[in-house]
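Report on one structure; see the data block that follows.
What follows is calculated from the coordinates using simple rules that are stated; it is not laboratory data. Please read these numbers as outputs of a predicted model, since none were measured by experiment. Cβ sites come from the backbone with ideal geometry, for glycine too, and all protein chains shown count toward neighbours.
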Amino acid sequence: MREDVAKILITEEEIQRRVRELARQIERDYEGKDLLMVGLLKGAVTFMVDLTRAMQRPVAVDFMAVSSYGSSTESSGIVRILKDLDESIEGRHVLIVEDIVDTGLTLRYILEVLRQRGPASLRVCALLNKKERRLVDVPLDYVGFDVPNEFVVGYGLDFRQIYRNLPFIGVLKPEVYARA
Ligand code: IMP
């Protein structure tokens, strides 16, 4: 798996340090409030687990799955809910946890859907922000790292369902994409 990686953009240590910083910031911002963290399957699972584990306050967690890309590397703009939340979010403080915001289309759709359910507040925490590719404006309240306009894998992010368990964020060799 590692032999397919051309370069590491963000090391495991850098990720873990930033995750701890974000956890402290979220703890401060939500002091005295109940917090429901909503992870978007599957990419945000690794980040969600580390982030919640770095927090020293109680949090409720739930997950939602939407389809965005299928298995190609280009956004279709078509978003579908594959798995909805288990719990009601009405009147609750909700923090969406996302792996990467690229065009912003997926997040815009999710924000629209969840806003209609009447949460007390609705914010977004994204590990990675690929600003250059943004097609629609979406508010990001917490961002781990800005990344260049390259297809990245690792720490939850996949290419054709592989590479999610790499502990760092990296870019694959061109021949890996060509092979697929
Ligand atoms: P958006 O709707 O274009 O913002 O795409 C968001 C989703 O596309 C993310 O949650 C990822 O699942 C996927 N995605 C976007 N860019 C990348 C990437 O560089 N590597 C892996 N997945 C990506």
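Val66: net charge of surrounding residues, Cβ under 9 Å, Lys/Arg +1, Asp/Glu -1, itself excluded?
With Lys, Arg at +1 and Asp, Glu at -1, the net is +2.
What is the spin-label model distance, in nm, from Glu175 to Phe145 if the labels are put 7 Å beyond Cα along the C-beta direction?
Here the modelled spin labels are 2.5 nm apart.
Between the DSSP loop rule and a limit of at most 13 other Cβ atoms within 10 Å, which trypsin sites (Lys or Arg not before Pro) in the stretch 1-105 are left?
When the trypsin sites (Lys or Arg not before Pro) of the stretch 1-105 are filtered for loop state and at most 13 Cβ neighbours within 10 Å, Lys33 remain.
Hey, for a label at Val61 modelled as a point 7 Å past Cα toward Cβ, could you say which residues of the stretch 1-39 have their backbone N under 12 Å away?
From the stretch 1-39, the list is 37-39.
Can you check what the net charge comes to around Ala23, using other residues whose Cβ is under 12 Å from the Cβ of Ala23 (Lys, Arg +1; Asp, Glu -1)?
In short, +3.
Within the chain, what's the longest stretch lacking GluC sites (Glu not before Pro) that sit in DSSP loops with no more than 16 other Cβ atoms inside 10 Å? List each step's numbers first, then the result.
Working: sites that count: Glu31, Glu74, Glu87, Glu90, Glu150.
Here the longest segment lacking exposed loop sites spans 91-149.
Quick one: net charge around Val101, please, counting Lys, Arg +1 and Asp, Glu -1 for every other residue with C-beta under 12 Å from its C-beta.
-2
Please report the spacing between the Cα centers of the stretch 73-124 and the stretch 153-175 in Å, no decimals.
When both Cα centres are located, 23 Å separates them.
If the cut-off is 24 Å between C-alpha atoms, which lysines fall inside it for Lys42, apart from same-chain ones fewer than 8 positions away?
Output for Lys42: Lys7, Lys83, Lys130, Lys131, Lys173.
Rounded to the nearest 500, what is the 222 nm mean residue ellipticity of the chain from helices alone, with -39500 (n - 2.57) per DSSP H run of 4+ residues and division by all residues? Walk me through the intermediate numbers first.
On the way: 4 runs with 44 residues, N = 180.
Calculated mean residue ellipticity at 222 nm is -7500 deg cm²/dmol.
Based on the alpha-carbon set only, what is the convex hull volume of the chain divided per residue, in Å³?
It comes to 107 Å³ per residue, whole-number rounded.
For the stretch 12-148, what is the charge dipole size about the Cα centre, in debye to the nearest 20, if Lys and Arg each add +1 at the Cβ and Asp and Glu each add -1 at the Cβ?
Numbers: 20 positive and 23 negative charges, 26 e Å.
Once rounded to the nearest 20, the dipole reads 120 debye.
Calculate how steeply helix 12-29 sits against the longest principal axis of the alpha-carbon atoms of the chain, using the helix alpha-carbon long axis, and give the answer as 0 to 90 degrees to the nearest 10.
20 degrees
For the stretch 12-148, what does the relative contact order come out to in percent, with C-alpha contacts under 8 Å and a separation of six or more?
Over the stretch 12-148, the number comes to 22 percent.
So what J values fall out for the stretch 131-137 if you push phi through Karplus, 6.51 cos²θ - 1.76 cosθ + 1.60 with θ = phi - 60°, rounded to Hz, Gly and Pro as x?
Result, rounded to whole Hz: 4, 4, 9, 5, 9, 10, 7.
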